[in-house]
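The values are calculated or read from the model by the stated rules, or taken from the named source; none is laboratory data. Remember, it's a predicted structure, so these values are computed and weren't measured experimentally. All Cβ positions, even for glycine, are placed from backbone atoms using ideal geometry, and neighbour counts span all protein chains on display.
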Amino acid sequence: MIFSNISKEYALILRNIQSRRGHFRADKQHYFVLHDILPEKDFQHIRELLLKNKTLFLRNDSSVRQGSSMGGHELRKSPLSKIADIIDNPKFLQKVQSKTGIANLQFVPEVDTNRLSLLYYKDEGDGIDWHVDGTIYLGDRWAGILTIVEDIKESEAKLELKPNGKPTTFPVDKMENSLVLFQGDQVQHRARPMLMDEQRIVVSLLFSTNPTRTRNPILRLYQAWVNYIFYGNPRA
């Protein structure tokens, strides 16, 4: 058991190092687009809540990203907590498992503010450039972007992926109420900069096939720094 855990920890460190160097596993480059993931009534309720409470988002520009956000801990204590009730539950998880065929997919622990958080882009230039995420989980890391508002002038949505190094875009008219699921530590992705008078609001979700958190203090510290950049709190 001890040897197995050490082996998994070593593999995690190696995976993070390789991805930072631009070496990605070919078998981890696929993604899913799950349209109409929420019942229409729930989707419209979430959309209305977000559009009415945009002032709650924290503005946090940095060299890494531009835009506003709300971490999961703040969301659950805010007037937007109903969003967690609708999405963060076994029924939603089972739907994602069924549609993807990933039977062992799980939400990461609630202590991780990335389990369910919000990103809001509205000012000209808001976005985040091509990148891959770090990971602190021993299993595959699956990032989910559920688009609630994509009010933009372009025909392609702001979210772009680069599986196998090939840029992939999505039709903007099919993005709202669609969940894009991909291995964020293996598939490069970005949110193109916003143009004037555009807005975009997404629910960011985090899953893993083994949501056991690493004991490595360096990886945990790095994740805490990322959380501070995105959400204004360092909880990892």
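Here are some notes:
- Residue pairs whose Cβ atoms lie under 6 Å apart, separated by 6 or more positions or on different chains, with the first residue in region 48-61 and farther than 14 Å from residue 117 by Cβ and the second of a type in the set (S, T, N, Q), are 59/68.
- Look at region 100-120: where a residue is over 17 Å from residue 201 (Cα atoms) and touching a residue at least 40 places away in the same chain (Cβ under 8 Å) and a partner is assigned to a loop (DSSP other than H, G, I, E, B) and aliphatic (A, V, I, L, M), sitting 6+ places away or on another chain with Cβ atoms under 8 Å, you get 112/236; 113/236.
- Pick from region 51-87, criterion in contact with a Lys or Arg (Cβ under 8 Å, 6 or more places away or on another chain) and outside any loop (DSSP other than H, G, I, E, B), ranking: modelled with the highest pLDDT: 84
- Tally of residues being polar (S, T, N, Q) and within 19 Å of residue 158 (Cβ to Cβ) across region 176-235: 5
- Output for region 133-185, where each listed residue is crowded, with 16+ Cβ neighbours inside 10 Å and on the phi > 0 side of the Ramachandran plot: 177
- All positions within region 219-233 that are in contact (Cβ under 8 Å) with a residue 40 or more places away in the chain, within 25 Å of residue 9 (Cβ to Cβ) and among the small types (Gly, Ala, Ser): none
- Residue in region 171-183 that is in a helix (DSSP H, G or I), within 21 Å of residue 72 (Cα to Cα), free of Cβ contacts under 8 Å to residues at least 24 places away in the same chain and charged (D, E, K, R) present: no
- Selection status of residue 117, of a type outside the set (D, E, K, R), closer than 23 Å to residue 35 by Cβ, assigned to a strand (DSSP E or B) and under 15 Å from the mean Cα position of the chain (by Cα): yes
For (1) over 25 Å from residue 41 (Cβ atoms); (2) touching a residue at least 12 places away in the same chain (Cβ under 8 Å); (3) not polar (S, T, N, Q), each residue gets a yes or a no:
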| position | (1), (2), (3) |
| --- | --- |
| 157 | no, yes, yes |
| 162 | yes, yes, yes |
| 166 | yes, no, yes |
| 191 | yes, yes, yes |
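- Selection within region 23-50 - more than 20 Å from the chain's Cα centre (by Cα) and assigned to a loop (DSSP other than H, G, I, E, B): 23, 39
- In region 89-114, of all residues being within 14 Å of the chain's Cα centre (by Cα) and assigned to a loop (DSSP other than H, G, I, E, B), the one that is nearest to residue 51 (Cα to Cα) corresponds to 112.
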